1. Once Rh is set to the Kirkwood radius over Cα pairs, what Stokes-Einstein translational diffusion coefficient, in µm²/s, holds for the stretch 62-127 at a temperature of 10 °C and a viscosity of 1.306 mPa s?
2. Students sometimes get this wrong: rank Leu118, Leu156 by accessible area, probe 1.4 Å, all chains present, largest first.
3. Looking at the stretch 244-308, which trypsin sites (Lys or Arg not before Pro) are DSSP coil and have at most 16 other C-beta atoms within 10 Å of their C-beta?
4. Between Val76 and Val48, take the C-beta separation as r, use R0 = 22 Å, and let me know the FRET efficiency to the nearest 0.05.
5. For all pairs of alpha-carbon atoms in the stretch 218-341, what percent lies in each bin of width 5 Å, listed from the first bin to the last filled one?
6. For the chain, give the magnitude of the charge dipole about the Cα centre (Cβ charges: +1 Lys/Arg, -1 Asp/Glu; no others), in debye to the nearest 20.
7. With springs connecting C-alpha atoms under 10 Å apart, model the chain as a Gaussian network and identify which of Gly272, Gly250, Gly260 has the largest mean-square fluctuation.
8. State the label only: which of (1) 49; (2) 60; (3) 71 corresponds to percent of Cα pairs over 27 Å apart computed from the shown model?
Amino acid sequence: MCPLRIIPKIFLFDEQELTPELRAQRTLNVSRVPEMARYVAENPHDYVFSALTASIDADVGFEPLGKGQEASKVGVLSVPMDARFIINDGQHRRAAIEAALERAPELGDETIAVVFFLDKGLERCQQMFADLNRHAVRPSKSLGVLYDHRDEGAGLVRLLVLRSAFFRDLVEMERSTLSPRSRKLFTLSALYRATQELLDGIEFDGSDAAAKQAAEYWEAVSEHFPQWQQVRAGKMSAGEVRKDFIHSHGIVLQALGTVGNELLRRYPETWGDRLKPLTSVDWARSNQRLWEGRAMIGGRVSKSSHNVTLTINAIKTALGLDLMPEEQKVEDAYNGGHNDG
């Protein structure tokens, strides 16, 4: 275990401007560091960081506590003062620790586990990096939302799914992609993102009130999508709906969340009535005149911010809502390109 205060001082990272084949690590992605540092500084009593892995470039000595089978495995590791410790795995954690200490110096007494290997040259270090990351799999976004108890939005959408009779059996809680045979219609990550858009900037008296409002909105929206209701009733498969329609895909959910935010703000008493035109929209993927280039590119649903805006515009137009200036610019550019074609 190593005190955090000495991590930046003795653990080096190979940051030289070398070609990849001459480095033993990937380059540092500085954009990741502030968020990691903020996580440590804001959760000083219950943050979790996995162990650092470092190579020692020096002749070290190990003196076991005893000669028995178990005693010989525990002892004192002697490392020369001029030894170099090179991070093999954990360079972003190291950088985040350094940044967190600048914000909260009292974290210096905290400790982190370090696994040491003897430095046996560049080839060995490169192989270590490859082996350490060979089977690393980032958890799905949905699983991250399901298990995140720090994010209020994640807790809110879990509460929404738990309390909603409509969503309870239609939301995939672990995976962020749905197979053709999945019985689920939405992913938790897509509903999370859409609900964030829906409630953005609106004040509520606690998470229960926010979850209640979100549930009311999404269930009101569901009434205008008969295919959703048919899936819930077991009269239509979720795979059929996702294959033939775009309204259960993340891009449309996000767009509906953004439009809903405007409705809740502008029409707090009558927003439900203003959703009725959703029923008359042709949501079929085969309706290429409306959705190709807007929500789909080459017949495939696109999640880019540009396409999200164009999908928002289509929904707003159907509901009789005016476009914001930036939305209108995107719409004009889209229409100009279509007219040129």
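1. 106
2. Leu118, Leu156
3. Numbers: sites: Arg265, Arg266, Arg274, Arg285, Arg289, Arg294, Arg300, Lys303; in loops: Arg285, Arg294, Lys303.
Passing both the DSSP loop test and the Cβ count: Lys303.
4. Details: r = 28 Å, r/R0 = 1.29.
Efficiency computed from Cβ-Cβ geometry: 0.20.
5. 2, 10, 20, 24, 20, 14, 7, 2, 1
6. Details: 42 positive and 48 negative charges, 266 e Å.
Here the chain has a charge dipole of around 1280 debye.
7. Looking only at Gly272, Gly250, Gly260, the biggest GNM fluctuation is shown by Gly272.
8. Label of the calculated value: (2).
The values are calculated or read from the model by the stated rules, or taken from the named source; none is laboratory data. Remember, it's a predicted structure, so these values are computed and weren't measured experimentally. Reconstructed Cβ throughout: ideal geometry from the backbone, glycine too, with neighbour counts over all protein chains shown. All accessible areas refer to the heavy atoms of the entire protein, side chains included, with ligands and DNA or RNA removed. Shrake-Rupley method; radii C 1.70, N 1.55, O 1.52, S 1.80 Å.
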